[in-house]
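Rule-based calculations on the coordinates, nothing more; no lab input. In this text, all values refer to a predicted model and were calculated from it rather than measured experimentally.
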Amino acid sequence: MDISWTGLTDTSDIMKAAKKEALMALAKTMGIKAEIIITEHGSIDEEIKALEKAIEQKRIPKKENCLNGNCQRICEESELPNYLGQGWRVQAVLPSGKIVVSNEP
C-alpha cells in the first residue's frame, strides 16, 4: 500500500506517513506481512501501533524456544538469516560449519 504524499500538508501527517513506511519496510525484512496488518486497521495511528506491536512480538525472544533455561540452537548456515531476522545472535561457529545462535537477552 503506497502513501499518496501529494495530499499531505501537515508536518505531523508527513511524519506519520514516513514512520508507517519505515515500519512497513522493517516488517517486510522480518517476514511480517505488513499489508495484512494495514488492511485490518483504520486510521494511520492504529496502523502504526499495529505494525509496532507485530515487530516487537517478532523481536521478543520466546521462552518456549528455551529448554531448561538454555536459549541456544544449532542451525545450518542457510537458516541463519531467518534467525538473525528474529533477533537471535551468533554465539559460535562449530567445526562442522553449523552455527550456534542464542536469543538470550
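Here are the numbers for the structure shown:
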item	result
Overall dimensions of region 5-59 by Cα: Rg and Dmax, Å	11.3, 34
Long-range HN-HN contacts of CYS71 with modeled amide H, under 5 Å	none
